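Participant: Take a look at this one; I'll ask things after.
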Amino acid sequence: MIEVNSFAELRTTVPAKNGDLAFLRRYNPDSTFRGGGDFTGFIGTTTAADDGGTLAVGNGFYWKRVINDPADVNVYRFSAKGDGYANDTDAFNRMLAWTQGYSGNIRDLPVRFPGGKFLINPIDISATEIAFFGLQGDDVELGSLPRVTIISDKSANTVFKVKARRTAIKGITWHGQASADVTTNTGTITAEMCTNVQPFFENTCIEGTMLNIYCFRAQNSGGTVIKALDTLDSKFDQIYSLWTYGRVFDIGWSNSPNGKWDHSTAIEICNCNFLTRYGDATLYMPRVTQGIMRNVWIEHMRNPGDLSDGAWSIDTLNIEDCGTPFNLNNARVIMRQIGLQSGAKISNDMAGTLIIGSFRAGYYSGHKVTNNTDTDNWYRLGQLFFPTANQQWVMELIGKAHATQPTGTAASPVNLAGTGKTCINLQRLETVWADACHMGQPAVLDIRYSRVGTTYAVVWVKLRANSGDTLINLKTTGPTRFEAGSCSLFQPDFSVVTDTTKMGTLKPAARFGLHNGVAGIGANEKGVLTVATAAGTPTNKTTPTGFVLVNINGVDRKLPYYD
């Protein structure tokens, strides 16, 4: 066996015959002894080019690396040093070229890194679409501390910019070498405030791209860590981030008409911890449908993320100490085991759930407004949106005015001692109109509303002092999130009004009617009881057959009736 001390020396070492075996002690002539291996020698020429790692071509001879398993090949075999100081860009490019031409039967070979720290200049291969791009670290399945670190060269361009239909990244730490003054700048940190804003990875492939990222850590990153478009069948597992100033995930869409790619889809985020971040969003993934999030912790963020306008199943999500709400507005979301600590909030102004089949609940509870003060207070309930003509909103407010017991004999129905309910009906005609009615002894003393254009209305109610909780349930005939993008919307407020001059001035029509289409009873705005019934002619118009007892305005009266 021939022994050589460097890959350069191998290029000048002539084999005695075909099949001679050479042992390469190390790739570079230094003290690290990395990148070596066995090579088989051949006399003659080859049409293949010297690739700087697996094929060394000399004058009239060449050496081929013995490869029993392509998984044994890593960037050390192509001259990388992995010390964090030497530039390993050439080594990466050599191995990338080798992965793409190694075998027609293997299309998903990643560029492999052994444990170490690697400095790589920006690589842009996005001009041409490839079937697969992969970065493979060591096999320790610990996302919080992978043994492979890629460090920023502090330039503005993305480290890896590709156009790959499929991408796999595993066992990698990205160190962006960025910092910012987060003490002086107390708001969202922007690019201008960071010492370095280099992004890590961007995939420009559109119309369906698959990403699988596993055991990955990002720290001190000033730019976006992972950016992609038009995802499907993608999974992000064991992702950790710390001290980041840009977005960790930026998932968007291309708007390509070929397949109508106006959103990304099919992403699972699981077993992740995103910590201490100062940019505009950690997870920026609006319009993602078929999304799954489980066992995720987001803490110490100025802006945790944006999952608006999508469809997500979220299971075991904890958010702690975040400056703004986690944005789930306009999204269809099913959530379970959600923990909000230290002031963290979730914003889901337009949520929806569709259940096909029977549903049984122990009890139902909607919104609540509480008046435990000694004064009658006005409350701004919120704003309603009517996207379709002739749409109705019905607001049911359940609450009792005070603690009067339902004893004795009931008299006037206008102040009936008993439970209380108020029904506010709003309808969009040429603009929004409202009517209202009560039952029993409601907590609602008065109602006002205002019109905002022709499709919006704001509602205020006056609640009696010490009436406690008033439950608010809403129903509408308008389109939901399952039917239209511009759907019915209730934007709750429930704040106490401190300046009544800023309230609406319109008062709902005080009326109600209960009927079967031919007969009924009701009441109008003048305080008059209304009755609709069939006409009849008595046989004896002078002498009543009898009398019925009716309580009118608190006094029992006898009304005659005739045959």
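The values are calculated or read from the model by the stated rules, or taken from the named source; none is laboratory data. What you are looking at is a predicted structure, and each value in this text was computed from that prediction instead of being measured. In this analysis, Cβ positions are derived from the backbone assuming ideal geometry, glycine residues included, and neighbour counts consider all displayed protein chains.
Participant: Does Thr530 fit the bill of being assigned to a loop (DSSP other than H, G, I, E, B), hydroxyl-bearing (Ser, Thr, Tyr) and either touching a Lys or Arg at 6+ places or on another chain (Cβ under 6 Å) or in contact (Cβ under 8 Å) with a residue 12 or more places away in the chain (or both)?
Facilitator: Values: assigned to a loop (DSSP other than H, G, I, E, B): no; hydroxyl-bearing (Ser, Thr, Tyr): yes; either touching a Lys or Arg at 6+ places or on another chain (Cβ under 6 Å) or in contact (Cβ under 8 Å) with a residue 12 or more places away in the chain (or both): yes.
Here the answer is no, as Thr530 does not meet what is asked.
Participant: With the condition kept exactly as written, say whether any residue in the stretch 21-35 is outside any loop (DSSP other than H, G, I, E, B) and either under 30 Å from Glu207 (Cβ atoms) or within 44 Å of the chain's Cα centre (by Cα) (or both). It would help to see each step written out before you state the result.
Facilitator: Residues of the stretch 21-35 outside any loop (DSSP other than H, G, I, E, B): 21-24.
After this cut, where a residue has to be either under 30 Å from Glu207 (Cβ atoms) or within 44 Å of the chain's Cα centre (by Cα) (or both) as well, the list is none.
Looking through the stretch 21-35, none of the residues is outside any loop (DSSP other than H, G, I, E, B) and either under 30 Å from Glu207 (Cβ atoms) or within 44 Å of the chain's Cα centre (by Cα) (or both).
Participant: What about Lys421, is it assigned to a strand (DSSP E or B) and without any contact (Cβ under 8 Å) to a residue 40 or more places away in the chain?
Facilitator: Values: assigned to a strand (DSSP E or B): yes; without any contact (Cβ under 8 Å) to a residue 40 or more places away in the chain: yes.
Spelling it out, Lys421 is indeed assigned to a strand (DSSP E or B) and without any contact (Cβ under 8 Å) to a residue 40 or more places away in the chain.
Participant: Any idea how many residues of the stretch 16-74 are β-branched (Val, Ile, Thr) and closer than 22 Å to Phe92 by Cα?
Facilitator: Taking the stretch 16-74 as the starting set, the residues that turn out to be β-branched (Val, Ile, Thr) are 32, 40, 43, 45-47, 54, 57, 66-67, 73.
If we keep only those that are closer than 22 Å to Phe92 by Cα as well, we get 32, 54, 57, 66-67, 73.
Residues flagged as β-branched (Val, Ile, Thr) and closer than 22 Å to Phe92 by Cα within the stretch 16-74 amount to 6.
Participant: If Gly291 satisfies every condition in (1) over 28 Å from Gln491 (Cβ atoms); (2) in a strand (DSSP E or B) but one, which is the exception?
Facilitator: Failed condition: (1).
Participant: I've got another one for you. State which residue is farthest from Pro114 (Cα to Cα) when the search covers only the stretch 173-191 and only residues that are under 26 Å from the mean Cα position of the chain (by Cα) and assigned to a strand (DSSP E or B).
Facilitator: So in the stretch 173-191, the residues under 26 Å from the mean Cα position of the chain (by Cα) come out as 173-176, 182, 186-191.
Within this subset, residues satisfying the condition of being assigned to a strand (DSSP E or B) are 173-175.
Details: Thr173: 12, Trp174: 15, His175: 17 Å.
Top of the filtered list is His175.
For (1) of a type outside the set (Phe, Trp, Tyr); (2) in contact with a Leu (Cβ under 7 Å, 6 or more places away or on another chain); (3) in the same structural domain as Ser254 (by TED's automatic domain parsing), each residue gets a yes or a no:
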{"residue": "Asn93", "(1), (2), (3)": "yes, no, no"}
{"residue": "Thr99", "(1), (2), (3)": "yes, yes, no"}
{"residue": "Ser103", "(1), (2), (3)": "yes, no, no"}
{"residue": "Leu109", "(1), (2), (3)": "yes, no, no"}
{"residue": "Pro114", "(1), (2), (3)": "yes, no, no"}
{"residue": "Ile125", "(1), (2), (3)": "yes, no, yes"}
{"residue": "Phe133", "(1), (2), (3)": "no, no, yes"}
{"residue": "Thr149", "(1), (2), (3)": "yes, no, yes"}
{"residue": "Thr183", "(1), (2), (3)": "yes, no, yes"}
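Participant: Kindly indicate the residue of the stretch 496-527 that is assigned to a loop (DSSP other than H, G, I, E, B) and over 45 Å from the mean Cα position of the chain (by Cα) and also surrounded by the most Cβ atoms within 10 Å (Cβ to Cβ) among those meeting that condition.
Facilitator: So the residue we want is Asn524.
Participant: Further question on the same structure: Is it the case that some residue within the stretch 359-377 is outside any strand (DSSP E or B), within 20 Å of Thr477 (Cβ to Cβ) and not hydrophobic (A, V, I, L, M, F, W, C)? Break it down into steps so the answer makes sense when it comes.
Facilitator: Of the stretch 359-377, the ones outside any strand (DSSP E or B) are 359-366, 372-376.
Restricting the remaining residues to those that are within 20 Å of Thr477 (Cβ to Cβ) gives 364, 366.
Next cut, not hydrophobic (A, V, I, L, M, F, W, C) only: 364, 366.
Yes: one or more hits.
Participant: Select from the stretch 116-158 the residues that are among the hydrophobic types (A, V, I, L, M, F, W, C), free of Cβ contacts under 8 Å to residues at least 60 places away in the same chain, in contact with a strand residue (DSSP E or B) (Cβ under 7 Å, 6 or more places away or on another chain) and over 21 Å from Arg34 (Cβ atoms) and list them in ascending order.
Facilitator: Scanning the stretch 116-158 gives Ile123, Ile125, Ile130, Ala131, Phe132.
Participant: Here's something else I'd like to know. Select from the stretch 77-118 the residues that are on the phi > 0 side of the Ramachandran plot and either surrounded by 18 or more Cβ atoms within 10 Å (Cβ to Cβ) or part of a helix (DSSP H, G or I) (or both) and list them in ascending order.
Facilitator: Filtering the stretch 77-118 down to residues on the phi > 0 side of the Ramachandran plot leaves 79, 82, 84, 116.
If the condition is that a residue be on the phi > 0 side of the Ramachandran plot and either surrounded by 18 or more Cβ atoms within 10 Å (Cβ to Cβ) or part of a helix (DSSP H, G or I) (or both), then Ser79, Gly82, Gly116 are the ones that fit.
Participant: Given the criteria surrounded by 12 or more Cβ atoms within 10 Å (Cβ to Cβ), within 26 Å of Ile150 (Cα to Cα) and of a type in the set (S, T, N, Q), does Thr40 qualify? Spell out how you get there, then give the answer.
Facilitator: Details: surrounded by 12 or more Cβ atoms within 10 Å (Cβ to Cβ): yes; within 26 Å of Ile150 (Cα to Cα): no; of a type in the set (S, T, N, Q): yes.
No; evaluated as a whole, the condition is false for this residue.
Participant: In the stretch 420-437, is there at least one residue being at pLDDT below 95 and over 34 Å from the mean Cα position of the chain (by Cα)? Reasoning before the result, please.
Facilitator: Initially, the stretch 420-437 is screened for residues at pLDDT below 95, giving 420.
This time we only want the ones that are over 34 Å from the mean Cα position of the chain (by Cα), so: 420.
Yes, that holds for at least one residue.
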